[in-house]
Amino acid sequence: MNTTPTAAPTALSHGSPRSAAYDPFHAARARSDLPARLYAAAMGDDYPSEIAASSSCEWPLLALMTARLRIVPGQLLVDARCGTGGVGLWLARALNVHLDGFDLSAVAIKEATARRRHFLGEQSARASFRVAELEETGLPDGCAHGIVCVNALSGDIDKAAVVYELGRILAPGGRLVMTRSLRPGTTPPWQDQATAAGLRVEQVDERPGEPAMWQRLYRLWIEHADDLRRELGEEQARSMLAEAHQMLPTLSGRRAVLLTLHRPTTATADPVAPGPPDTMAGPDRRHGGRPAPLGRTPQ
């Protein structure tokens with residue numbers, strides 16, 4: 001039985017103008033590999049080129065998510081705000097699970113659907129993609145055995161509403177793994193948000209190299225401003241450069257983590273951990289969510 005509370009935070013209605021920013025981004029990126037090359041330069045050896053994500057998803061993060069999900073072959077994994085699908089498809093192949101991915105951009109969903117055969121071959125029907133919002137997934141209660149959400153909680157998103165909604169669709173015993181970040185001097189809201197959704201904070205993995213990765217990327221965007229204008233067009237280049245100048249001053253001292261939330265297996269289980277969640281330092285690597293419209297910026 002699903003143990004989520006009966007009263008949820010107010011969710012954003014469908015028809016949000018957010019998607020208007022992301023469709024041009026994905027369309028522009030499909031025309032040029034320059035953004036991917038700049039992400040690769042910022043991440044170095046940690047860049048998973050097959051995924052080509054517009055996020056901070058690197059090899060160490062993929063390894064952490066694989067370990068934290070603890071999902072069984074044949075179960076359902078949901079990729080929340082999947083973009084062009086690389087992260088979810090990679091995990092679906094590695095873990096031998098079914099995949100449901102959703103994003104607010106129809107352009108991204110079309111590309112994700114086209115990528116299924118590359119990752120899953122003749123089993124491409126194991127994955128499906130559709131347009132939906134984080135706060136209103138359209139999925140039934142308790143359908144997902146695992147959920148991933150990478151660099152999606154930025155801008156005007158109601159984070160408590162997102163955690164509640166993703167908790168609603170998480171099956172008993174399932175885990176939600178999501179990237180989160182904090183500005184210096186702020187208190188993590190994760191425990192309160194998890195408790196409201198009937199979840200337990202199981203693990204907090206530090207990602208100390210993630211802010212520096214964004215710093216390198218944004219500086220590369222500024223350095224290659226003329227190339228961005230030429231290959232992506234003036235509008236998209238202007239958005240990227242505005243994001244870079246806005247976000248660079250905010251990254252110093254920022255804390256980035258991978259948060260693992262667990263739904264208890266019984267309705268009577270206490271969703272609050274008896275003690276503090278396990279906390280581990282992230283990989284000590286030099287390489288480490290999502291600005292509108294071109295990146296998935298820090299949250």
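Of the residues contained in region 129-142, one or more are found to be in contact with a Pro (Cβ under 8 Å, 6 or more places away or on another chain) and modelled with pLDDT of 95 or more. Cβ-Cβ distances below 6 Å connect the following pairs, each with a first residue in region 150-173 that is buried (at least 19 other Cβ atoms within 10 Å of the Cβ), a second residue that is part of a helix (DSSP H, G or I), and a separation of six or more residues or different chains: 150/87; 153/159; 163/193.
Answer yes or no: is there a residue in region 201-216 that is basic (Lys, Arg) and over 30 Å from residue 166 (Cα atoms).
Among the residues of region 201-216, at least one is basic (Lys, Arg) and over 30 Å from residue 166 (Cα atoms), which makes the answer yes.
Within region 162-184, is even one residue in contact with a Pro (Cβ under 6 Å, 6 or more places away or on another chain) and in a helix (DSSP H, G or I)? Checked against the condition, which is being in contact with a Pro (Cβ under 6 Å, 6 or more places away or on another chain) and in a helix (DSSP H, G or I), region 162-184 yields at least one hit.
Scanning region 181-197 for any residue that is among the small types (Gly, Ala, Ser), open to solvent by less than 10 Å² (accessible area, probe 1.4 Å), within 28 Å of residue 95 (Cα to Cα) and at pLDDT 95 or above turns up at least one such residue. Per this entry, residue 207 is counted among residues that are of a type in the set (Lys, Arg) and either touching a Pro at 6+ places or on another chain (Cβ under 9 Å) or crowded, with 21+ Cβ neighbours inside 10 Å (or both). Would you check if there is a residue in region 37-47 being under 20 Å from residue 179 (Cα atoms), under 18 Å from the mean Cα position of the chain (by Cα), of a type in the set (Phe, Trp, Tyr) and open to solvent by 40 Å² or more (accessible area, probe 1.4 Å)? No: zero hits.
The values are calculated or read from the model by the stated rules, or taken from the named source; none is laboratory data. Computed from a prediction, not measured in an experiment: that's the story for all the values here. Positions of Cβ are backbone-derived with ideal geometry, glycine not excepted, and every protein chain shown enters the neighbour counts. For the accessible areas, the whole protein counts, side chains as well, though only heavy atoms, and no ligand, DNA or RNA atoms are used. Shrake-Rupley method; radii C 1.70, N 1.55, O 1.52, S 1.80 Å.
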